[in-house]
Each structure stands twice: as structure tokens, then as C-alpha cells.
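This report refers to the structure that appears directly beneath it.
The values are calculated or read from the model by the stated rules, or taken from the named source; none is laboratory data. Computed from a predicted model, the values in this text were never measured in an experiment. Cβ coordinates were reconstructed from backbone atoms using ideal geometry, including for glycine residues, and neighbour counts include every protein chain displayed. Only protein heavy atoms, including side chains, enter the accessible area calculation; ligands, DNA and RNA are left aside. Shrake-Rupley method; radii C 1.70, N 1.55, O 1.52, S 1.80 Å.
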Amino acid sequence: MTSSTAGGSAPPDILATLFKNSRNNALLAWLLVAVLVAVFIESVLDFDRLWILFVAVTAAIVLLPAIAHRNWRVMLPWELLTLALLPILVRALAGGDIGVFGYYLSVAGLALIVTVELHMFTELRLNHWFAVFFVVLTTLASVAAWSVIRWNSDRLLGTEFLIEPGVSQDAANAALMIEFLWVTLAGLVAGVVFAAYFRRRGRALRRRLRRVVRR
């Protein structure tokens, strides 16, 4: 999924450059982590099982680069983390609900983070175009997994995420189909946004490389 160029030199690894080792970016990223911790504590106090799971998994994904490099400054760009943590930030700071579209757009952000970390910490090698395609597919697949989790929570824990009292099966299925449409739209939007993001970073990389070569 990646290839080397002529003469044995490799093209710039745009996915690898997503990891920043700068103080300002790290401070902003750790500020977002602090919000994660606050939401996790709130979820534990409210005994909100799904949010406890969601925030815990998200925190583990976000902190993996710093833990793996044993350097608190090595974090993903704060703007990418903000997108991925969008529903958590809204819940913590505004107490509102961003809706299905916003939630799955943030899932796409998390999928991108997971994809980049797989590229960095495993033998899997992806170019940025395949990474975007993989993120879109992951976002589309996430609605099925999330629906299974909610359905099992309703059956086993007595929650009412999908199976609500007084709501017919046809109405519940219709609502789920509408959610599938929202997640499809979110996946496509995320693909366009991430493609533009990688293109901008690629141009910046090439400019820096040209300056270095001229020296």
C-alpha cells in the first residue's frame, strides 16, 4: 500500500508526520485529555455504562503515542483530537447532544487515529489515500457494531437505547435506517475532510523538504 521511489528514496510518510513533538501541541492535547478524565469521572458517578466504556476506550487510543514513545510531548495534532472527541467535549462543556451525524463524524476521527497508530506501531503500511478509504469503511461499519452493543445493553442491562417502551418494531427499524443514512453521510464528509487535511500536510512537507535540499 506504500511504494518506494526511484533511486531507493521513499516518499514523505505523511501519516507518520501526524505525530507532533511540540510543547504547544502537547499542552493543548493534554487539555483535551483532562476533559476526558472529567467526563469519565462524571460517567462513573452517574453509572452511565456506555459512556464509561466509550470514554475509557477513547482515552486509551489518544494516550497510546505518548505511552509508546515514553514522551508526554508526542501527541497527535490537537485539531484532529478535537474532532475525534467532539461528542465528549460537547457533553462536558455544553451538556448538549450533537446528534447522530456529529457522533459518527467523531467516530471517523477516532478511526483515523486508530489507522495512523496501526501504521506507526505495527507492520501495517498505508498511504494516506488508502487510510482515508479505510477510515470511511470503518465509520460505515461502526454503526452496525454500535447497534449490536446498544441492543445487547437493552436486553441485558435494561436500558432503552433501541428497545423503547411503547415504540413499535417498525418504528424502531425506521429510526435505525435513518441512522444508517446519517452515518453514511458522516463517513463521506469525513473522507473529504481527511483527504483535504492530508493534501495540505503533504504540500507543507514538500515545501520543507525543498528548503532543506536548497541548503
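Distance from the C-alpha centroid of segment 116-160 to that of segment 170-192: 15 Å, rounded to the whole angstrom. Candidates VAL62, TYR103, VAL39 compared by Cα position along the dipole of segment 29-104: farthest toward the positive end lies VAL62, with charges placed on Cβ. Shown for segment 34-124: the carbon plus sulfur share of the solvent-accessible area, taken with all protein chains present and a 1.4 angstrom probe, equals 69%. Computed from point charges on the beta carbon alone (+1 for Lys and Arg, -1 for Asp and Glu), the dipole magnitude for segment 25-142 about its Cα centre is near 260 Debye.
Each Lys and Arg contributes +1 and each Asp and Glu -1, all at the Cβ; summed about the Cα centre of segment 100-176, the dipole is approximately 160 debye. Compute log10 of I(q)/I(0) for segment 130-176 with the Debye formula, placing one identical point scatterer on every Cα and leaving out solvent, at q = 0.29 Å⁻¹, to two decimals. For segment 130-176, the Cα-only Debye profile gives -1.02.
Show log10 I(q)/I(0) for segment 48-122 at q = 0.17 Å⁻¹, two decimals, from a solvent-free Debye sum over equal Cα scatterers. Here log10 of I(q) over I(0) equals -0.67.
Simple point charges give the picture: +1 on the Cβ of Lys and Arg, -1 on the Cβ of Asp and Glu, and for segment 144-199 a dipole about the Cα centre of about 320 debye.
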